[in-house]
Each structure stands twice: as C-alpha cells, then as structure tokens.
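As structure tokens, the structure follows; a few thoughts come after it.
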C-alpha cells in the first residue's frame, strides 16, 4: 500500500503532453485513484485493462490542448535549425567532409541497392512464384550426380494425371525460327509451349482474350516488343505471321491471339513469340515418346509443400515409364523456381557481398560524422555551457544535436540522390547493367529515402548528442575541457573504418588476381586470329540447297589470301556442346557414364592448335572415320581409366562399338570456374548437312574491317534467314568472364570510394588532433625536439590504429575470400603478399593524408602558439 | 444554451445533490452502488464538464493525495440552478407518471 506509484509512466506522459493543463491533473488523478480502487475490487488485471481504456478514452477533443499550445516548441526548433545551418557554414571543412563523404556513401549505397535489388527480386513478378517448380532429373554416375533440366514430351500430361497436387503443367521449348517481314525472313527465338504456361507464370496480357490464350492450334502470342516490330502496333490481335520453323523445316501460318507486355529486366523467362506445342506437324509422332528429352517442364503445385510428396513418389513414376534399372540411376526432382537464378544465371552471394560493401561505406561515412562532431566539442563547448547556464536541460541539448545530424543527413541524402540521378547512365554503361530509380514508385522512393535520412541521422547523431549534451557547464567555464569524446571510443571507430577499407582493398586484389589468372591462363587452344561465323544449314528455307551454298561459301573463303585455315564444327570452345550420351568402355562392369559429345571436322584440332597427344587425328573425308572412330580428351581418358597406348574401344548406347583413335590434351572449352569435363569428339566431314553449326576461320587480322565487310557481302548472297553473325575467339573468351569482371569493377570502385571517405575523415581528425596538441608540439620544439621526432609522435598513433585494423580485417578477409574462391575449380591461392600490399596502400594513403598537416604543424614557429600565455 | 438534461447527466446531477461536494472517482463508486452498473471515468468527466458549462455545477481544486499519484482532485458542487432543474424534472416526471392508467398493468 505504501508503494503507490503511478500505474504507467508512459500513460502519464502521454496524458500530460496532450491534455489541457487545467484538466490534466483531475483526469489523471481520477483515473489513477480509480485504478487502485479497482485493483481491490476487481483484481489487478481488470483494473489495468480498464486503466488503459480510460487513458485512451480520455483523449477526447474537448480535453486536448489546442494546437497552439502543442506547437509552442517549434520556436525552439527553429532556433536549433538556425544554429545547425550556422554551424554547417562556420565549419566549412568539417561540414564538407561530412556531407561529401556521406553523400558519396549514400550514392554508392543506392547504386548497390538498386543493382542487388534486381538480383534479389529476380522473377518476383510471377505471382505464384513460390508454387512454381521446374521438373528435372539427376543421373547417378560413379563420380556423383549430374543434373540436367531437359525432360520428355509426355511428362507434362503424366504429372497432371498422376498427381492431384499439380494444378497446371506446361512444356517449354525454345528454338530458332525465321519470320517473314516485307518479303524477307528475320531470325527470331520462338517458344513452343502449352496454354497452362499463362496460368503458371504471370505474363500480363495487353490485348486479347485472357481466358483462352491459344483459341486455335495455329495461334501465336507475341510480346509487345515483337508486335511493334512486325505490325507497328501493339494492337496486333487477328494479324497473321508466316513462321519458318527451323526444327521442322516448314513454314506455317499463325494468327496472333494475344499480346503480352514486355518482360522486366530481371526476368529469367522472356518468351517473345509463343506458339502451341501441338501446332508443330510432327507433334502426333512425338506426343508419346519417352526416349528423347529436350524440353523443360514447369508445374504449378496447389501447395508449395506438395513438392516433397511428389519427389517422394517420383521413383515409382520412373519405374512405371522405364524400368527398375533406370529407376536406380535416375533421381527425378523439382527445382523451386526461386533457385533458378542461382542455378542458371549467376550467384546471388556476390550480390549479398556487394550489399555488405554498401553498408560498410555508409558506416565509414557515419563514423566520420561521429568522430568529427565529438572532436570539435571544444569549439562547441562555450555554446553548450552558455545554453546550460541559461537553463537548457540535457534532453533539450540532445534534441538540438540530433537536429543538427538530421540536417546533415538530409542534405547529404538529397545530394547522394542527385549523384545517383545524374550518373545512372554512366554507371549502367560502365557495368553493362540496367538499373534505374524508375523501378520504384514515387511513394516507395520517398519512403525509402525518408527512412534512410532518419537512420543516418539517428546513427550518426546519437553518440555526439549524448556526449556533447553531457559536457558540464562548470568545466566549460573553467576552461578545463580538453579534446572532446573519450578518445578510446573514437580510436575504435577509426580502427573499424580502416578495417573495412583494408578488407575491401584485399578483396579487390584477390578478385582481380583470380580474374587475371583465368584470363591469362593458357586455355589449351589458340584464339589469336580465330574468327567464328554462325552457319547452319537449318537457317535456310531450303535445307539441301542451303548446305550446298554453305559449302560454296567455305570454298570461296578458303581461296581468300587472308584465310589460312577453315573448319566446320558443331560447337566451338566457349560455347561447347550440351549434348550427352551414355557410354562405357569395352569390358566395363559398372554402369555406363553419361558424357558430353560433339562433332568436328578433320581440321578442327589444327585450327585451334590443340595437340593430339596420343594416337592420330581424324583423316579428312573418310567415311569410315565418321561412324567408327572417336577422339577423347584426357579427362575422358582418365574417366574411362584407359591407358593411352592400348587399343581402346568404347560402347555407345547398347552395343555400338567405336574405336578410340586419339587422345587430345585437355583444353578449357568453358570458364575456368569449372573443371575440364570428359568429352567424346566424333568426326563429321564438313559437308555433312546436319552436324555443324559454326565455321571457324584462321585469318590474317590486318585490314580487318574491309575483310569482315567482304565476308559479310559473301554471306548475304547465300540467302540465309540468319543475319551475318560473327565473333572473334578472343572476345568470346573474354566474355566468359563478363560477370566476374563486372563484380571486380564494382568491388574495385566501391573500395576506392570507401578508402577515399575514410581518408577524408582521417584528414579532418588530424586537423583537430594537431590543433589540440599545438602547444605540446611548440613546447617540445622549444625544448629542442626535431621535426622528425614530432612527426614520429603524430604518426605513432595512426600506425597503431592501422596495425590493429590490419589484425582484425585479415581473418575476415581470409574467410570470405576463400569462400568466394571455392566456387572456382582453377583458382589462385590467397597469399600474404595480398595483405601486405593492401596494408602498404592504406599506409601510403594515410601518410599522404596526415603528412602535410603534420609537417606544417611540426615545422611551424613555436613562438606563434606560445605567445598568448 | 441548451438547458435540457440527458439521462446520464441527470443521474450524475442527482448524485452530486446527494453528496453535497464530491469528485470523479466517488461519483463512479456511488453510481455503481446505486445502479449496480459500472461507468468509466472519461464518461463522467465529459458529463461534469457539460454540466459545468450549463451552469448546474461549480467546481474547485482540492488537495492532492497519494492514491492519485500526487495529483489534485477537482471537487464539484451542484448550484441552485442545478437543484431547481433536477427538482423540476422529478416533479414533471411524477405528474406524467400519475396519468398512467393503473388497471392496464396490475391485472396482468
């Protein structure tokens, strides 16, 4: 009973703030008294409940303060704002360091956020994303499992009929087609699918009947882009398209049934011409074929969790379609759609790292503000002291300093936003990305920035506000105050800044070393002066004459003085074969291996300068070679455990025997991220009509432009539906590392920014430290200290901080970088030189930053600073 | 000025007349005692302010007590005008009551 404190401090404050002062005591008193009365009558819980209800109900308009009374405080706020702006203007160098650092930090963070947002929201526009799965299979081989994502024609119907959990299922097959426009064929990518596709994925329909996307077998759905391309209007429903289907070798007439909107930049599925699977002429023959897998099957489940049930039952499905043996070496699985990005497109962990870097940069800028604000306490002390003497409470001073940090973060965020707006085109161009602030609606942007300003204001302002407001008036008046802030706290912050900077620099060095290693390593084939032309007889409306014309083209090229060699092949290094077959060596006990294969002509190894290590190369124009011989790469030889000098025989499928006539050295036909995979290389003469997709030229690279033009003119005479498409092997190799180079560029750019901001802060801090120690330095000089000694004294502190930062950052860097390197099969090792180099860079920058001011201080005339005492 | 009284206003005015001088919490207690029905304090406060505006009650500030978290109470007292209107209401109600034919209900 003695303890009759107020039931809730919070409620008391609320009422006291909002209620008319002449009512407040009565209402609050009555409610409080009633509370204690009710505690005895009805128990604590009910009393408390009623208490809160009454508090809320007391806040009626008649009881409230008038707005005028509430807003009395704006007067003092106006004063805070005025002082904040005056301080900004008065301390130009500090304000510049703070605002410049923070605005660059905000800009960098915004860029990173926009870029990573695209990756994190990849494919998020599909409303049913959580329930969409891609059916795929894993082959169990002795070396582990191999996932492949191609499935069979009848699978879709089987899944729909066998599993009630499957709501919709659609096949998806991408191929090339040629489309007639103004009597000319243009090459396009086309998608064969089922109408369920539009139920599974979200493709907003601009024109046409959403209920029935494919009203007839010969309907086609176009993206807006394609509708504009072919009909100059998005209102294309009802129009007709002549499509030459390259896989079918026939031309078909389709009618546009709907137009869908263009795809967002961060969409994995971007079909632009969509036709029903049933429309292809051979469909009836293929519809029930389980012996060829070539298309993707997507399903929409009723519930995300159903995926587990389905996967558990898939072995039975496999057995019912094939047999127990297939069941034993095949896993059938469902890939959640949100793993598609990491599986096929990239690595979202890089995006996470970048986001971390962005936050690190912001942290460095925030630390600058905290350090500089507390360091300049001496200069603000008189103001603080005076305010206190005149009756300011600590809370009011706190509000004042928080206001100042808000003004600063507001200005910096707006500047940062302007930087982003004006440099987005350059950023996009430099990194070859498509980020834009337009991804967000204005309320989202304004809200986001308001949040950022608030967070920055609070984070950077809270410590200085606490510290500055606690300065005692007496100490100030007695002039006892030294440099503000506990220096150990400030030193810790500086150490954090430099640890982040060191980490980023070390990362940049490692990433660039790895990329240099990959681009510099001998790929095992020659790429100098090698030109690749896409040339397939399939892109001719008449395939047989197309093949003849291609052969003429090749003969003509061979006679050009600047062409020294020419070769035809199915695939070329950098975009190697994706076809697999089952193969086992003769007398092999175990399961067959699943191995990729490709076709080349007899000149292929010469033109790419790939040495045949054992055995012989294919003989040109030998029919027998084509059916009964194979060349392996060394990886395949090792996989078969062949000894190179034996007469080795492999067995394809059930019983096709093929002689291994040669072994070539391993060459890197894809990025060095992957280990060289075993490959079977078969021979097809260059005249073979179906095998080859590319022509490789070895040519003299002088007068290149004219020569390419000449070849293009020759190509255009052939009458292919495909435009002249060529690339240099060197560019193709470089393109393999496009993603890594972009990552390196970003990490590099942002570490430069981070170290720049950190050095700016350090520069500001040096000014204050020297200011504070000026008398000490002068006295030391008078007593005979040399400039060298004084410089040493100043540098000792900085060196110690950087040493600690180094010790902290190295383990983090080693941990994160080895994780990053893990994903590369061929990789550099992390050597200590990297860290020493990072340390030297940081030390050099610090000495440059601190040096000039220190030297100036050390060489100044001591009399100047001692005469006034 | 509206000199009509609502039911709750009338009830609280009668309690005030009964108590001579009282304040919010006591009114709530008395209300509960008389009508076996609880009432919230904000409701009482609103009625008191309204009665005061109409001139039926006066108020003055009382001394703070520990139960009230150190807050003073506002003590209310009915005015003559308040007494008259309450009496008038009782009187009129009695007149009307008398006109109700007794037989209609007592036989039921």
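Brief remarks on what is shown
- Whole-Å distance, taken between Cα centres, linking the stretch B:29-108 and the stretch A:849-869: 83
- Euclidean distance of C-alpha centroids, the stretch A:139-191 and the stretch A:608-660, integer Å: 32
- Shape category assigned to the stretch A:195-261 from the gyration tensor of Cα positions, a/c cut at 1.5: oblate
- Among beta bridges that DSSP assigns inside the protein assembly as shown, antiparallel share in %, nearest 5: 85
- C-alpha long axis of helix B:80-98 to longest principal axis of chain B, angle in °: 20
- Relative to the dominant Cα principal axis of chain A, helix A:74-90 is inclined by about 70°.
- Gap separating the Cα centres of the stretch A:391-440 and the stretch A:27-65, nearest whole Å: 45
- Helix A:704-718 and the longest principal axis of the C-alpha atoms of chain A enclose an angle of approximately 50°.
- Antiparallel DSSP beta bridges within the stretch A:621-779, as percent of all bridges there, nearest 5: 60
- Ranked A:123, B:88, criterion: other C-beta atoms within 10 Å, fewest first: B:88, A:123
- Zone of residue A:205's modelled label, taken as backbone nitrogen in the stretch A:244-272 under 14 Å from a point 7 Å along Cα→Cβ: A:256-261
- Projected label distance in nm at residue A:826 and residue A:130, using a 7 Å step from Cα toward the beta-carbon: 4.4
- Cα gyration tensor shape of the stretch A:564-721, rounded if a/c is under 1.5, else prolate or oblate by comparing a/b with b/c: prolate
- Per-residue Cβ neighbour rank within 10 angstrom, fewest leading, A:817, A:186, A:762, A:504: A:186, A:817, A:762, A:504
- Estimated FRET transfer efficiency when R0 is 45 angstrom, pair residue A:844-residue A:458 (beta carbons, to 0.05): 0.80
- Percent RCO, i.e. relative contact order, over chain A, from Cα pairs under 8 Å lying at least 6 residues apart: 14
- Overall, the anisotropy analysis places the protein assembly as shown in the oblate class: the square-rooted eigenvalues a ≥ b ≥ c of its C-alpha gyration tensor yield a/c not less than 1.5, with a/b not exceeding b/c.
- Theoretical gain in end-to-end length, residue A:331 to residue A:555 [0.36 nm per residue, Cα-Cα removed]: 75.8 nm
- Using C-alpha pairs under 8 Å with a sequence gap of at least 6, the mean separation divided by the residue count of the stretch A:553-673 gives a relative contact order of 29 percent.
- When A:290, B:97 are arranged by Cβ crowding within 10 Å, least crowded first, meaning fewest neighbours, the order is B:97, A:290.
- Taking every alpha-carbon pair under 8 Å whose residues sit at least 6 apart, chain B reaches a relative contact order of 26 percent.
Only the coordinates and a few stated rules stand behind these numbers; no lab work does. As the structure is a prediction and not an experimental result, all values here were calculated from the model. As a convention, Cβ positions derive from the backbone with ideal geometry for all residues, glycine included, and neighbour counts pool all protein chains shown.
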